[in-house]
Amino acid sequence: MDYESVLDYLRKVELRGTNLGLDNTAEIIRHFPFDPGRIIFIQVAGTNGKGSTAYFLTSILHAAGWTTGLFTSPHLHDIRERITVDKSPVSKTGFVHAVEAVKGISENLLQKRIISHMPTFFEYTFLAALYHFAAQNVTAAVLEVGLGGRLDATSTITPRVSVITGISHDHTGILGKRIKEIAFEKAGIIKEDVPVVCGCGTRSIANSVIKKRSRQLNAPFYNVFDSKNRLEIEEFENGCHCRFITNGESFAFDVHLNGRHQPRNAAAAVKTVRVLNAGLPTGSRIPDAAIREGIETTRIPCRIETMEIKTNGRPPLPVILDGGHNVESIHALKDFLEQKKKHRLTLIFGVLEDKNYKQMARLLLPFAKNVILTEPLSMRALPAEKLVPLFGKNGQPKVVVRKDLENAIDTAAEFKEEILVTGSFYLVGAARHIITDGKYGIQSIHGD
C-alpha cells in the first residue's frame, strides 16, 4: 500500500468502531519480531493535563540525549502527529511500513484464530507506534492513554512509571458519571510493583481510589502535591519562574507556555523523572540540567497557543487556539483570559455532542464580543444551531452560524477583534491548519 491507501484503509477501520479489551492487542504485541520490554516506557493517564505532561516528559528525555518516542492522541491535522521520535513525526514511508507490518501480523493471527478480530483504529495507531519506536531503536517512549486506562490499548505495556494527572468529568457515558468511577478506570493503568505518580489533590476521592489501588498492587505511590511537595510560581511576560519543593529538595525551572495550569503539569513531569531516576543506575540518570532544558523548550500546539493571521491591507489579528473540550479545560482557559483581561474576543466555538457544552458556553460568554458557531470535523459533532440559544440572548454578543470552518475564520477576521478558537481538538486542529497552511500568512508569537 502507498500512504493514501493506508489512510483510506484506516478510515474504513475507524468506521467499524471500538472493541474494548486488551487481549487482542497483547497477543499481537507478543508476535512482534522484537521485544518492546527493552524500551523504557512511561504511561500517562488523566482527564486533563495528560497530553501536556506527556510533552514535558518527552522534551526532558530528549534533552537528556535519549532517543525518545511519543505516542499521543488525537492528532490535530495529520495522523502521523500521533507518533513522533525526537519530536519529529513518523515519515509517510515509516508510517506505511509500520501499519502494513501490524496488518500482516494481525491477519495471520486472525486466520489462525489466535485473535478474535482485527485491531481498531486506536489500536492500529498504538501498535504502529510501538513498531516504529522499535525500528528507530528508541531508548524510551512516553505513552499517552487514549481513553480511561483500564481497557486502553496502551495498558498492554508495562511502564517504568505510571502517571495519573488530574481527574474530572469527561466521557461519562463510557467511564461513569461519578469521580470515583472515573478514577477507578484511570487507576486501571497501575501495574504490580510499578511506581505511580498522582497529580490529584490529596483530599480528593480520585486520590483515595488511586492510592488504594496502588496499595493493592504493591505499587509505590507518590503525590505530585502534598505537605512535602509544593509549587511556587512567579509569572513574567512570556511564562513563569517556578520553584518545586519536593521531599526537601528545591528545584527551579521556567515554563514558556500560556496558562497557570502548565507549571503544575511541568511539576508532574519533574516528579515523574525523579521517580524514574531512582530506579536507574547512577550513570544513566537524567541530570537536573536536562530537566530544566526540557521544560523550558517544551512547545505544545493548540494549548492556549497564540498566533497572528495576516489579512489583506489590515494589521495582523491575534489568534488564540485552545483544544479545551470539557469544563475543567475551559476553566483553565477562562483563568488565562481573565488574567490577560481579554473581554472583546471573537469566539469561534464548536463541540462534540457528548460534552457539557452548556457549562462550557457559560464560562466563555463573558469574554466574547462576537460569536461564530461552527462544527468540528467529526461524526459526533453537535449541530451548530443547537448552540445559538446559549449565546444569542438579548442580542449580546453578536452570534452567527458558519458551518464551514474556513468561512468561520473569514467571518471572524471581518470583525477586526482578537480571535479565540476553542471547544474541540478536532476543530482547533483544523483551524490551525487553515491558518498555517491556507491563505492566511502566519507569524507565531510563542507556544508553537
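The values are calculated or read from the model by the stated rules, or taken from the named source; none is laboratory data. It should be emphasised that the depicted structure is a prediction, and the values quoted were computed from it without experimental measurement. In this analysis, Cβ positions are derived from the backbone assuming ideal geometry, glycine residues included, and neighbour counts consider all displayed protein chains.
Just one of 179, 105, 190 is under 23 Å from residue 31 (Cβ atoms), among the aliphatic types (A, V, I, L, M) and either crowded, with 17+ Cβ neighbours inside 10 Å or over 22 Å from the mean Cα position of the chain (by Cα) (or both); which is it? So that I can check it myself, show each step before the final result.
Values: 179 fails: under 23 Å from residue 31 (Cβ atoms); 190 fails: under 23 Å from residue 31 (Cβ atoms).
None of the other options fit; the residue is 105.
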Open item on the list: So, residue 280, is that one surrounded by fewer than 24 Cβ atoms within 10 Å (Cβ to Cβ), assigned by TED's automatic domain parsing to the domain that holds residue 163 and hydrophobic (A, V, I, L, M, F, W, C) or not?
Closed with: yes
TODO: Select from the stretch 51-84 the residues that are assigned to a helix (DSSP H, G or I) and aromatic (Phe, Trp, Tyr) and list them in ascending order.
DONE: 55, 56
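Report, by residue number, each residue of the stretch 404-441 that is of a type in the set (Val, Ile, Thr) and at pLDDT below 90.
The first filter runs over the stretch 404-441 and keeps only residues of a type in the set (Val, Ile, Thr), leaving 409, 411, 419, 421-422, 428, 434-436.
436, the sole residue that qualifies.
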Open item on the list: Given the options 123, 100, name the one that is of a type outside the set (Ser, Thr, Tyr), assigned to a helix (DSSP H, G or I), in contact (Cβ under 8 Å) with a residue 60 or more places away in the chain and crowded, with 24+ Cβ neighbours inside 10 Å.
Closed with: 123
Open item on the list: Checking residue 291 against (1) closer than 30 Å to residue 424 by Cα; (2) crowded, with 16+ Cβ neighbours inside 10 Å, only one condition comes out false. Which one?
Closed with: (1)
- [ ] Filter the stretch 281-304 down to residues that are more than 14 Å from the chain's Cα centre (by Cα) and either assigned to a loop (DSSP other than H, G, I, E, B) or at pLDDT below 95 (or both), then give me how many there are.
- [x] 8
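Could you list, in sequence order, all residues of the stretch 33-50 that are in a strand (DSSP E or B) and closer than 18 Å to residue 322 by Cα?
Taking the stretch 33-50 and keeping what is in a strand (DSSP E or B), we get 40-45, 48.
Within the stretch 33-50, 48 is the sole residue that qualifies.
Go through the stretch 250-280 residue by residue and tally those that are among the hydroxyl-bearing types (Ser, Thr, Tyr) and not in a helix (DSSP H, G or I).
Let us first name the residues in the stretch 250-280 that are among the hydroxyl-bearing types (Ser, Thr, Tyr), namely 250, 272.
Filter once more, so that each one left must be not in a helix (DSSP H, G or I): 250.
Residues that pass the stated criteria total 1.
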Task: Residues satisfying the stated conditions in the stretch 10-28, i.e. under 24 Å from the mean Cα position of the chain (by Cα), more than 19 Å from residue 188 (Cα to Cα) and among the aliphatic types (A, V, I, L, M) - done: 10, 13, 15
Task: Contacts under 7 angstrom Cβ, first residue in the stretch 390-418 being in contact (Cβ under 8 Å) with a residue 24 or more places away in the chain, partner of a type in the set (Gly, Ala, Ser) and in a strand (DSSP E or B), 6 or more apart - done: 397/368
